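Values in this text are rule-based calculations from the coordinates and carry no lab data. What you see is a predicted model, and the numbers here were worked out from it, not measured in a lab. Note that we place each Cβ from the backbone using ideal geometry, even for glycine, and neighbour counts take in every protein chain shown.
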Amino acid sequence: MAVYDPVAEVEELKSEIERLRGELTTRNRRQKQLAYGAIGVGGQLLLGRDLVSSFRAWLEAKSLRNPLPSDETSAVFAAIVRRGFRVGMFAIVLAVVPAATTSGFLYWQSLIMKEQNTAIRRQLDLQQQEIERQTRDTRVARRARLLETFYDEDCRDVEADRHEAASRLPTSSRICRPRANARARQEAAIAYSRLELSVSRPPSLANADLAMLDFFQAGFNESDLRAASFHAGNLREAGLAMADLSGADLSLANLNWADLREANLAGADLKGASLMVAILLDANLATADLSGAILGGADLRGASFRAAKLAGADLAGANLLGARNLTQEQVNSAEGDSETRLPVELAVPGRWKAGSR
């Protein structure tokens, strides 16, 4: 029968423990070697062989608790600093080169875009100039057509009959008539006036034959209408402020509510014209013929009547306060009523109704 020996059993257990400890140590060493190998390969790729060798020696010494000599430790740290500097410079290069490349590319792109913008702007300027030239040419051509419409006349020499010869009239005369009909001349005059005003240029219809045409509320402000004929035409509520109507034929024309402030009507023929409630503030009526004209309710303040003819003119309700060059003789030849307001230096004619100033 075997005898139990506790000492032998303890020794056996110690041997087993030592064996297991050795296996564990071997296994840990292999794992460390594998790890160091992986670190070494990666480190050599990234940090360099010298730095990896120095760092490995430092790690092994640390794991074995065997400190490296001071010179080797200094060498390790010096290798770390050198490699760090190299890696930092390499990183800087990697950062600067793409940035510089990108900046250069963007600058090159900006130069190209600037040249393209300049070319586009130059092309737009040329197109704008071409459009303005075409518009100007179109405006000039249209202006010429409109002027031709109301200035083009058909003139013929007509032999006078014997009665005309006997009455000392010329034996032959020249008769001119507009080629365009009344409606065409009317539309052309209005279109021409608008065309000129659109470019801030006063319309010029001097000597135009616009008789018996309808210009209701038409705009002829500051227009040159010298010696133009508006005989029996409709200029009701028309804008004629500061227009030059000197020598114009406005006989029998309808100028009711027309704006004629500061208009030049010197020598104009206004016989039988209707100017009811018309505005003639500071208008020049010198030598104008207003015989038989209807000026009821017209505003004639500051208007000049030098040598104007007022025989039979109806001044009922008209305001002539401040009228210039108006004589008593002119007033006596006209008609008025109690609403007519005369300058304080003139007397109300006796045949008028009891007047007021």
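General remarks:
- Near ALA268: Cβ cut-off under 9 Å, other residues only, Lys/Arg at +1 and Asp/Glu at -1. The net charge is -3.
- The residues neighbouring ALA278, those whose beta-carbon lies less than 14 Å from its own, together hold a net charge of -3 under the Lys/Arg +1, Asp/Glu -1 convention.
- Relative contact order for the range 266-345, counting Cα pairs under 8 Å that sit 6 or more residues apart, in percent: 25 percent
- At full extension, THR102 and ILE120 could sit 3.9 nm farther apart than now, given 0.36 nm per residue minus the alpha carbon distance.
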